[in-house]
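**Q** My structure is below; once you've seen it, I'll send some questions.
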Amino acid sequence: MTEGGLDPASLVQSWPKPSKPRPIVTFGAGSIVGDAHFPAYRKAGFPVAGLYDPDQDKARALAEKWGVTAFRSVEAAADVKDAVFDLATPPGRHAEILKALPDGAVALIQKPMGNYLGEATEILEICRAKKLKAAVNFQLRFAPMMLALKDAIAKGWLGEVVDFDAWLALATPWQLWEFLLKAPRVEIAMHSIHYLDLIRQLLGDPKSVHAKTLGHPNHRVAQTRTSAILDYGDTVRCALSINHDHKFGRRHQACEFRICGTEGAAYLKLGLNLDYPRGEPDILEIYPRGGTDWVAVPLAGEWFPDAFVGRMANVQRFAAGEDDELVSSVEDAWNTMALVEAAYRSSAAPATPIAERP
């Protein structure tokens, strides 16, 4: 036991594994598959049946590296029996892949759930019509530090959460994702969506959002900087300050959350983003109810690849009837997409004008 009676080793940091994991079929051969999906599945011992990508050369190269099959068509990949279909595809491709899956299939869909809320609605309708057991890959919820944070909040170590601050000042290598370089929606839709989704899990759905998202004169990526306030009424303050263009050395860069309750607080460093994709170690510290100092929580893993282990474990266990809840199901994930859409609408709308001097 340590400060205030909090034993950091007692906080949950991992998701239970499925007893009989199904084979995984991945659609897409981009960097996220080689950097996170496949390392996570190998670490967890989840079997990978193979992958498909329309760029057959890229698919073969990644398949050979990981010792899996490179399927020649969507149909061949979708024909694998009792598989979990892992869509690591650009958002505009999700719907056509889902339509090709057998009815009743199990699917994990890369975020975002479409480029726009209309596409998310189409995806939701496809999943309902085909009775797919489908979730969206909001894996930050499953990072060891976030599972521990959620457990600490649930056990009352922070009291009632009343403040959530996300502060990012870093340099993100957008060139790793070629399809993003010409995308009309980038920062909120592809990056801060993780934080918005996590905030929804911790605080519930906000009443509304004030946001401004914009690019930078030094490049042509659509948006790389965002300021946002989520309105939870008169008790909870929630703010995000995001700057992916802080390219002035590591010294003053940051990627951190500060979460304050009525009786305690938490600090988190998301190390992955500070040197992506290698990253730095994640950090979780808690100032617990009844304590007099911060407690460092030794972490049992990092956001990449460990969050992908937990994310897939929940999908597998839900499919087998071992988990009652499918976390970030398409039904719930649609609400995160609605929040993203509202943030973009807010950014495009005029803010409150300042009165002119009489």
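The values are calculated or read from the model by the stated rules, or taken from the named source; none is laboratory data. Since the structure is predicted, the reported quantities are computational estimates derived from the model, not experimental observations. Methodologically, a virtual Cβ is constructed for each residue, glycine included, from the backbone with ideal geometry; neighbour enumeration extends over all protein chains shown. Only protein heavy atoms, including side chains, enter the accessible area calculation; ligands, DNA and RNA are left aside. Shrake-Rupley method; radii C 1.70, N 1.55, O 1.52, S 1.80 Å.
**Q** Would you be able to tell me the number of residues in region 237-253 that are of a type outside the set (D, E, K, R), within 19 Å of G215 (Cα to Cα) and either open to solvent by less than 20 Å² (accessible area, probe 1.4 Å) or part of a strand (DSSP E or B) (or both)? I'd like the intermediate steps shown before the answer.
**A** Here is the first cut: in region 237-253, the ones of a type outside the set (D, E, K, R) are 238-244, 246, 248-249, 252-253.
Okay, now just the ones that are also within 19 Å of G215 (Cα to Cα), so 240-244, 246, 248, 253.
Subsequent filtering for residues that are either open to solvent by less than 20 Å² (accessible area, probe 1.4 Å) or part of a strand (DSSP E or B) (or both) retains 240-244.
Number satisfying all stated conditions: 5.
**Q** For region 71-90, give me the residue count where each residue is in contact (Cβ under 8 Å) with a residue 24 or more places away in the chain, open to solvent by less than 70 Å² (accessible area, probe 1.4 Å) and not aromatic (F, W, Y).
**A** 12
**Q** Being among the hydrophobic types (A, V, I, L, M, F, W, C), buried (at least 16 other Cβ atoms within 10 Å of the Cβ), modelled with pLDDT under 95 and closer than 23 Å to L98 by Cα narrows it down to one of A36, A63, so name that one. Steps first, answer last, please.
**A** Values: A63 fails: modelled with pLDDT under 95.
Of A36, A63, the one residue that is among the hydrophobic types (A, V, I, L, M, F, W, C), buried (at least 16 other Cβ atoms within 10 Å of the Cβ), modelled with pLDDT under 95 and closer than 23 Å to L98 by Cα is A36.
**Q** Among the residues of region 268-289, how many are open to solvent by 50 Å² or more (accessible area, probe 1.4 Å) and touching a Phe, Trp or Tyr at 6+ places or on another chain (Cβ under 9 Å)?
**A** Counting residues in region 268-289 that are open to solvent by 50 Å² or more (accessible area, probe 1.4 Å) and touching a Phe, Trp or Tyr at 6+ places or on another chain (Cβ under 9 Å) gives 5.
**Q** Could you list, ordered by first residue, the pairs with Cβ atoms under 8 Å in which the first is in region 244-256 and within 15 Å of S227 (Cα to Cα) and the second is outside any loop (DSSP other than H, G, I, E, B) and of a type in the set (S, T, N, Q), at least 6 apart or interchain?
**A** Sorted first by the residue in region 244-256, then by its partner, the pairs are C255/N273.
**Q** Kindly indicate the residue of region 100-147 that is in contact with a strand residue (DSSP E or B) (Cβ under 6 Å, 6 or more places away or on another chain) and of a type in the set (S, T, N, Q) and also least open to solvent (accessible area, probe 1.4 Å) among those meeting that condition.
**A** N137
**Q** Now for a separate question. With respect to E187, is the statement that it is surrounded by fewer than 20 Cβ atoms within 10 Å (Cβ to Cβ) and closer than 24 Å to N137 by Cα true?
**A** No: the conditions fail for E187.
**Q** Among the residues of region 296-303, is there at least one that is acidic (D, E) and touching a Gly at 6+ places or on another chain (Cβ under 7 Å)?
**A** Residues of region 296-303 that are acidic (D, E), as a first pass: 302.
Now drop any that are not touching a Gly at 6+ places or on another chain (Cβ under 7 Å), which leaves 302.
Looking for residues that are acidic (D, E) and touching a Gly at 6+ places or on another chain (Cβ under 7 Å), one finds at least one in region 296-303, hence yes.
**Q** For a quick check of your reading of the model, give me the residue pairs whose first member lies in region 257-285 and is farther than 16 Å from Y195 by Cα, whose second is hydroxyl-bearing (S, T, Y) and part of a loop (DSSP other than H, G, I, E, B), with beta-carbon atoms closer than 7 Å and at least 6 apart or on different chains.
**A** As it stands, the answer is Y276/T172, since those pairs meet every condition given.
**Q** When region 256-267 is examined, which residues are found to be outside any loop (DSSP other than H, G, I, E, B) and open to solvent by less than 60 Å² (accessible area, probe 1.4 Å)?
**A** E256, F257, I259, C260, G261, A265, A266, Y267
**Q** Applying the selection to region 190-236, what residues are among the charged types (D, E, K, R), in contact with a strand residue (DSSP E or B) (Cβ under 8 Å, 6 or more places away or on another chain) and exposed (fewer than 13 other Cβ atoms within 10 Å of the Cβ)?
**A** K207
**Q** Counting just the residues of region 316-358 that are of a type in the set (V, I, T) and under 15 Å from the mean Cα position of the chain (by Cα), which one comes out nearest to P184 (Cα to Cα)?
**A** Within region 316-358, the match that is nearest to P184 (Cα to Cα) is V340.
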